[in-house]
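The values are calculated or read from the model by the stated rules, or taken from the named source; none is laboratory data. Computed from a prediction, not measured in an experiment: that's the story for all the values here. Cβ sites come from the backbone with ideal geometry, for glycine too, and all protein chains shown count toward neighbours. Remember, those area values only see protein heavy atoms, side chains included, never the ligands or the DNA or RNA. Shrake-Rupley method; radii C 1.70, N 1.55, O 1.52, S 1.80 Å.
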Amino acid sequence: MRATVCLNGLWRFQPAIGVTSNQPQTTGWGWLPVPGSWRPCALPGVIRAVGPAWEQFKGDSNPVGWYERDLTIPVNWDGRAIILDLRRVSTDAVVLIDGKEAGRVFWPGGEVALTDAVTPGQKHQLRIKVVAVADQAEVTRFTSSNGFRFIVV
């Protein structure tokens, strides 16, 4: 039997600094609703913060952004497969748990197995680096260095 936890809601967000940034800045997080977009559109947008990442931020031309939230896996999920399902990513994403890469998702969406990266009952930091470019060569350059949910089997 599957269990699901929806991760939609308000996430910490900041634009990435530099194309090879493997980690976001430690301070200066803003907020962004998920599902949503950091680019100007009809959806609710970014709640900005202050800090180096925001000094030159222009939502319509910023190709890389970081999403972050705390994540606690229910203790009764011990012994089960834990999967992060990214229903839609524009265009590619790198998923990190506690600062370590857990997997990647490519347009239009996909799943990342988190079973070996998380411990049920403990709090973890989930970060997702999203690269929003149309050209595969650009995606590779940014990743070389929209609704989210869990599926538990």
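Summary of computed values
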read-out	value
Residue ranges of strands (runs of 3 or more DSSP E) in the stretch 97-153 with at least 1 members open to solvent by 60 Å² or more (accessible area, probe 1.4 Å), at pLDDT 95 or above and in contact with a strand residue (DSSP E or B) (Cβ under 7 Å, 6 or more places away or on another chain)	100-106, 110-113, 123-131
Criterion (at pLDDT 85 or above, more than 19 Å from the chain's Cα centre (by Cα) and not in a strand (DSSP E or B)) met by exactly one of 88, 80	80
Some residue of the stretch 68-90 being under 13 Å from residue 127 (Cα atoms), open to solvent by less than 80 Å² (accessible area, probe 1.4 Å), touching a Phe, Trp or Tyr at 6+ places or on another chain (Cβ under 8 Å) and among the hydroxyl-bearing types (Ser, Thr, Tyr)	no
Residue within the stretch 13-32 that is surrounded by fewer than 19 Cβ atoms within 10 Å (Cβ to Cβ) and at positive phi present	yes
The lone exception for residue 61 - which of (1) in a loop (DSSP other than H, G, I, E, B); (2) open to solvent by less than 80 Å² (accessible area, probe 1.4 Å); (3) modelled with pLDDT of 95 or more it fails	(3)
